[in-house]
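Engineer: Mind having a look at this structure? Questions to follow.
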Amino acid sequence: MTDATDLDIALGVLDHQLVDRNGENCGKVDDLEIAGLDGDSPEVVEILVGGNAWRSRGLLGRLAARLSGNAVHVPWVEVDSVSSVVSLKRTAAELRLNRGDERRAALVRKLPGS
């Protein structure tokens, strides 16, 4: 997003669905990286998706973070718009938001009738 706008990030961004350039769902906003908190103009610099982004979400979140590995960091400049979903400028594959899809697809292909 290039224009500066007022946005309540807790209500308007966190836990919202991410949608890539093709309209495909590709995760949820699990956490945000914010720079400039010690100055007058803090700004969101990255969206964190999955993995260790869950570590601040209680006991189950910490457990899931340990099992899931590292979060995917999506630069805020890749956000096209924020509404009921967070729309991204590129595809999930380009942003590495599909990193488990190939493994799951291989497992599903082995199932009878799939």
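The values are calculated or read from the model by the stated rules, or taken from the named source; none is laboratory data. Since we're looking at a predicted model, the values are computed, not measured. Here Cβ is always computed from backbone atoms with ideal geometry, including for glycine, and neighbour counts include all displayed protein chains. Each accessible area value is taken on the protein alone, full model and side chains, heavy atoms only, with ligands, DNA and RNA left out. Shrake-Rupley method; radii C 1.70, N 1.55, O 1.52, S 1.80 Å.
Engineer: Give the residue that is modelled with the lowest pLDDT, with candidates limited to residues of segment 2-24 that are touching a strand residue (DSSP E or B) at 6+ places or on another chain (Cβ under 8 Å) and open to solvent by 60 Å² or more (accessible area, probe 1.4 Å).
Structural biologist: Per the criteria, the residue is Leu7.
Engineer: State whether the residues of segment 25-34 include one that is assigned to a loop (DSSP other than H, G, I, E, B), of a type in the set (A, V, I, L, M, F, W, C) and either at pLDDT 85 or above or in contact with a Phe, Trp or Tyr (Cβ under 7 Å, 6 or more places away or on another chain) (or both).
Structural biologist: Checked segment 25-34: at least one residue is assigned to a loop (DSSP other than H, G, I, E, B), of a type in the set (A, V, I, L, M, F, W, C) and either at pLDDT 85 or above or in contact with a Phe, Trp or Tyr (Cβ under 7 Å, 6 or more places away or on another chain) (or both).
Engineer: Just the residues that are in contact with a Phe, Trp or Tyr (Cβ under 9 Å, 6 or more places away or on another chain), open to solvent by 40 Å² or more (accessible area, probe 1.4 Å) and modelled with pLDDT under 65, please, taken from segment 48-82.
Structural biologist: Arg62, Ser68
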